[in-house]
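The structure appears below as structure tokens.
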Amino acid sequence: MRVLVLGGGAREHALAWRLARDEEVDEVLIAPGNGGTPAVATTIADLPITDPAAVARHAARERYDLVVIGPEAPLAAGVADALAAASVPVFGPSQGAARLESSKAFAKEMLLASGVPTARSAAFGDAEAAIAHARSLERPPVVKADWLAAGKGVVVPDTHEEAADAIRALLDGAPRGARLLLEERLDGREVSVFALVSGSQVAPLAAACDYKRLGDRDSGPNTGGMGGYAPVPWFGSAAVERAAESIFEPIAWRMARDGTPYRGVLYAGLMLTEAGPQVLEFNARFGDPEAQVLLPLLDGSLTEAMRAVAAGDGTGMREAVGMRAGAAAVGVVVAAPGYPDAPLAGGRLGGAEPSGPDDGGPLLCFHAGTRQGGDGYAASGGRVVTFVGIGGTLAEARQIAYRGTAGCTLEGAQRREDIAARELSGEALQVSPAGR
């Protein structure tokens, strides 16, 4: 079986690694990949992955048994639609279904129509009207771009002036006719929950937590994610099942009823408030860095589960894969100097040998912003690599992950030292300052 993975980040390296470990897979290919992915997949460097027609022509010609779409941009462009039309099995939602991520206003409409709890919000296309509304609220709202913003479209301001600045900045760089969402600020603990969805059928996977801020104790700017862990001790399998019943199933049913059936992995960012879980956002793909800690904990055949999702086979989807019991994973991101605003490329990277299909842990290394040259690896983007530790406990997994980062050399590198630390110190019971 030949599988193509679209994307070039650490999430896609992790996907390619996990798929290559399935017995039925003969070859994994990746487009465009990164400096580390040749360790696990054949590189297709010149395929424009946001061009639906080009991807469909290539996939049909190569007769792939499965195409897995990693990042959000190809989904929003309609690549899954083109592949399905070419009769190529594809794991990833259609352009219409991917609006659950690409349009926060659409996601909000679906949540309200499905009766799923979520924060109150209002949409605006005019900056001054949005600022006036923000200033009328007792607490500054969360400001969210209603377009794909590469993980940088959410601002959680502390003051009304910061909210006004965020509104102006986001709309100033927005696509023509775009809107933003001003959302009620929620208090509680945040958690991300993942499920496979095929039409109206849902197979819950697990929960994970990520760390968005650049610095320790959630200081500094928001990033695409500086690390994460799974499973979540205070949000176990029973809570994941309840989320599937109360959130994923109503949304899946509504999407199917409205003619935009969802097929892929769906990720719900939840805030656990005193009134119960409320949905902050949806992602139409595995998260990053969440994928790096979830995928190593999967038992069974991810390839067969994904093919079942693509075929609308709910029974096969549920039976093919599950989460491993008695194991935990912690991922720590090493980022380039200057990240997230102005990452510096070119720094030489050492001690970060990329994981291949024969590498089952306990320490894994997934590459993201890297390139390979004659003298080894160099940084080429903001988040450079993710080290993942796998252990019988969260504490053991954390120790292994940081052992990996300790051996990594990159001048000026940035990393958090507190990934999963609050879980081990009891701080997880404290209240998060705000919803994203």
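The values are calculated or read from the model by the stated rules, or taken from the named source; none is laboratory data. Source: prediction; values computed, not measured. Ideal geometry is used to build each Cβ from the backbone, glycine not excepted, and the neighbour counts take in all protein chains shown.
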Exercise for the section: Go through region 174-200 and count every residue that is of a type in the set (A, V, I, L, M, F, W, C) and not in a strand (DSSP E or B). Expected result: 3
Problem - Neighbours by Cβ (under 8 Å, 6+ apart or cross-chain): first from region 142-159, within 20 Å of Gly9 (Cα to Cα) and surrounded by fewer than 21 Cβ atoms within 10 Å (Cβ to Cβ); second at pLDDT 75 or above and basic (Lys, Arg) - result: Gly153/Lys144
Problem - Filtered residues of region 132-147 (kept if assigned to a helix (DSSP H, G or I) and more than 26 Å from Leu100 (Cβ to Cβ)) - result: Ala132, Arg135, Ser136
Problem - Residue list for region 56-78, restricted to those being touching a strand residue (DSSP E or B) at 6+ places or on another chain (Cβ under 6 Å) and over 21 Å from Ala195 (Cα atoms) - result: Ala59, Tyr64, Asp65
Exercise for the section: Please determine, by comparing only the residues of region 209-234 that are within 12 Å of the chain's Cα centre (by Cα) and under 19 Å from Leu148 (Cα atoms), which one is surrounded by the fewest Cβ atoms within 10 Å (Cβ to Cβ). Expected result: Lys212
Practice task
Test Ala54 against the criterion of being under 21 Å from the mean Cα position of the chain (by Cα) and surrounded by fewer than 24 Cβ atoms within 10 Å (Cβ to Cβ), and give yes or no.
Solution key: no
Completion exercise
Screening Arg403, Arg415, Arg436 for residues that are modelled with pLDDT under 95 and either over 21 Å from Pro340 (Cα atoms) or among the basic types (Lys, Arg) (or both) leaves only Arg436
Problem - Any chance Ala208 is in contact with a Pro (Cβ under 8 Å, 6 or more places away or on another chain), part of a strand (DSSP E or B) and at pLDDT 95 or above - result: yes
Problem - Residue list for region 336-378, restricted to those being among the hydrophobic types (A, V, I, L, M, F, W, C) and either surrounded by fewer than 24 Cβ atoms within 10 Å (Cβ to Cβ) or under 27 Å from Glu27 (Cα atoms) (or both) - result: Ala342, Leu344, Ala345, Ala352, Leu363, Leu364, Cys365, Phe366, Ala368, Ala378
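Here is a yes/no grid of residues against (1) part of a strand (DSSP E or B); (2) more than 20 Å from Asp210 (Cβ to Cβ):
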site	(1), (2)
Asp299	yes, yes
Arg318	no, yes
Pro337	no, yes
Asp358	no, yes
Gly381	no, no
Val384	yes, no
Practice task
Identify the single condition in (1) under 24 Å from Ala328 (Cα atoms); (2) of a type in the set (Lys, Arg); (3) surrounded by fewer than 16 Cβ atoms within 10 Å (Cβ to Cβ) that Arg176 does not satisfy, given that it satisfies every other one.
Solution key: (1)
Handout entry: Output for region 379-416, where each listed residue is under 17 Å from Ala329 (Cβ atoms), β-branched (Val, Ile, Thr), in contact with a Gly (Cβ under 6 Å, 6 or more places away or on another chain) and crowded, with 24+ Cβ neighbours inside 10 Å
Key = Thr386, Val388
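To keep it simple, each residue is scored yes or no on (1) of a type in the set (D, E, K, R); (2) closer than 30 Å to Ala243 by Cα; (3) touching a Cys at 6+ places or on another chain (Cβ under 8 Å).
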site: Val3; (1), (2), (3): no, no, no
site: Glu24; (1), (2), (3): yes, no, no
site: Leu29; (1), (2), (3): no, no, no
site: Val40; (1), (2), (3): no, no, no
site: Ala59; (1), (2), (3): no, no, no
site: Ala73; (1), (2), (3): no, yes, no
site: Val88; (1), (2), (3): no, no, no
site: Phe91; (1), (2), (3): no, yes, no
site: Lys104; (1), (2), (3): yes, yes, no
Exercise for the section: Please name all residue pairs, on different chains or six or more residues apart, with Cβ atoms under 6 Å, provided the first residue is in region 187-200 and is more than 19 Å from Ser237 (Cβ to Cβ) and the second residue is buried (at least 23 other Cβ atoms within 10 Å of the Cβ) and not hydrophobic (A, V, I, L, M, F, W, C). Expected result: Ser198/Arg263
